[in-house]
Amino acid sequence: MSRPSIAVLAMTVATVALAAPAHAAPFPDRIGQTPPRTAISFTHSPSGFQAGSPNQHEARSGLSIVKLYIADYVFDHGSAADHAAAVQMLRTSDDGIATALYTRYPDSIAATARKYGLRTTHAGAAWGASTTSTYDSAAFLEARKRDHGLGDPILVALATATPVAADGYRQDYGTAQLPGVIGTKWGWSDDRTSAHASVSYGTDFTVAAHTYGPAAQLTADVAAAFDAPPAASPAERAITDAAAAAHAAVDSATDALAGAFGSSAPAAQAVRDAAKGPHASINDAAARARDVAQLSSRSN
């Protein structure tokens, strides 16, 4: 059976692209009351408004959030094969890939901190020993969104993160539960209990959080810091489900096409690069679809 071309794939995605979440930005009306165990930072992208818990500048365990900083450096300095590895590292939070990339690029975290002025981000001898703050991780994603748009490969990787990480841990908590989130990077301690973090972005906001405690605690503290969102309408839920299916279809076809080139890394990477457009199209079409659904619900 013949494999679909990227052009056909893009057309297929376009037909399914009434998809993906795009709420108005949540409002952090109670972020100042966040308990000290948790730090939260929020930025409203169009206005630049920034708010956070009193400890948002505190350097805390970086967990897998610092894989974002490794990926940024890799996209600036790495090979096509390294780019593909960085995307996989972000989507699945693969520690082995992170270790390999950090060994190859030991200045990656420190260099990214210098590049973006992340003053409370400090590289460790091992990537897992690095520290960052919620303020820094939110500022980083805001910069990527501002400089590269939603088609940025790092943002697309977060928008297509796998439900379960490479080590079997679920990626579904914290800031990812806020309305309007498109993509998220999660982090957790090795014992899966003592620390959890996440940083998420939407079309018009970015939010980061870290807690010393379990995943459910992070989710609860984040929810408590924001206005309770209205319940999603059936149309909005259908849009969200269609978005997930569209992203999955892109990933499946991309993997099949890339696999057809076998060991030809440049050709396979070209296929993966070409697939970034359809992913971005899904997110952009989703925003428009969600706006229509919300306007329709208000008029009823």
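Taking the Cβ of each residue in S64, S79 as the centre, tally the other Cβ atoms inside 10 Å and list the residues starting with the fewest.
In increasing order of surrounding Cβ atoms, one gets S79, S64.
Post the alpha-carbon centroid distance, the range 86-151 to the range 233-293, in whole angstrom.
Measuring centre to centre over Cα atoms gives 24 Å.
With an 8 Å Cα cut-off and a minimum separation of 6 or more residues, compute the relative contact order for the chain in percent.
Once divided by the residue count of the chain, the mean separation gives 30 percent.
Please compute the contact order of the range 97-180 in relative form: average sequence separation of alpha-carbon pairs under 8 Å and at least six residues apart, divided by the residue count, as a percent.
Worked out over the range 97-180, it gives 15 percent.
Could you tell me the ratio Rg/Rh of the chain? Both radii from Cα atoms, Rh via Kirkwood.
Rg divided by Rh gives 0.96.
FYI, it's all coordinate maths here, none of it is from the lab. Every value quoted in this text rests on a predicted model; they were computed, and no experiment measured them. Positions of Cβ are backbone-derived with ideal geometry, glycine not excepted, and every protein chain shown enters the neighbour counts.
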